[in-house]
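These notes concern the structure reproduced below.
Derivation of every value follows stated rules applied to the coordinates shown; laboratory data play no part. It should be emphasised that the depicted structure is a prediction, and the values quoted were computed from it without experimental measurement. Cβ: placed from backbone, ideal geometry, glycine included. Neighbour counts: every protein chain shown.
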Amino acid sequence: MNAVAGADGKLRCPWGISAQDYIDYHDTEWGRQLHGSVALFERMSLEAFQSGLSWLVILRKRPGFRAAFAGFDPEVVAKYGDEDVQRLLADAGIVRNRLKIEATINNARTLLDLDGELDDLLWSFAPAGPRPAPETLADVPAITDESKAMAKELKRRGFRFVGPTTCYALMQATGMVNDHLSDCFAR
């Protein structure tokens, strides 16, 4: 499927036109380079929570996630304990999945134990040089060699819920790769 014209006449990736939340995300965030440990920790966490769900659910609950996880400040989240897990499991403003909640807390602790910056670690897996622009959604992979390598290294360091598909989605969301279709205005 090629890019599709939205109500405003702009050509967008087909997934980016079905709801205003998607339009806003597609137009202003997805595929744009993102740096900083807090911002990247948030995206990593949200991508993990998205696993098995619609991204639209995550977008609509993002304010709740930000409140529940202290703006994704890893120093705060790393201190969460059993009482916080119970609080989060009762919070309808987020996805209430114990494994994903515990993974987010674990990942905050792991991030703080890194011997460098999360930014440098994640971006070290960005493909070198430009890649051809995908013509259709069929040209957009779900995993790549880079996302497999990222997942392997993150798991080795102790991160959880970071499989190759989640890592590739993270790479797309943070602009490590540009998977806007060739005729999408946001490319």
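Looking at the chain, the pairs of alpha carbons with a distance over 30 Å make up 19% of the total. With the highest mean first, a sort of the peptides 132-142, 14-24 on other beta-carbon atoms found within 10 angstrom per residue produces 14-24, 132-142.
For the residues Arg32, Arg62, Arg87, a GNM of the chain with alpha-carbon springs under 10 Å puts the largest fluctuation on Arg87.
Each label was represented as a point 7 Å from its Cα along the Cα-to-Cβ direction; for Ala67 and Gln20 these points are 2.0 nm apart. Ignoring lysines fewer than eight residues from Lys100 along the same chain, the ones with Cα atoms less than 29 angstrom from its Cα are Lys61, Lys79, Lys148, Lys152, Lys155. Extension gain for the segment Lys148 to Ala7, taken as residue separation times 0.36 nm less the Cα-Cα distance, is 47.0 nm to one decimal. Each of the peptides 41-50, 90-99, 150-159 was scored by the mean count of other Cβ atoms within 10 Å over its residues; in descending order, highest first, they stand as 41-50, 150-159, 90-99.
One way to sum up the overall shape of the range 1-77 is the equivalent ellipsoid from its Cα gyration tensor, whose semi-axes run 27, 13, 10 Å, largest first.
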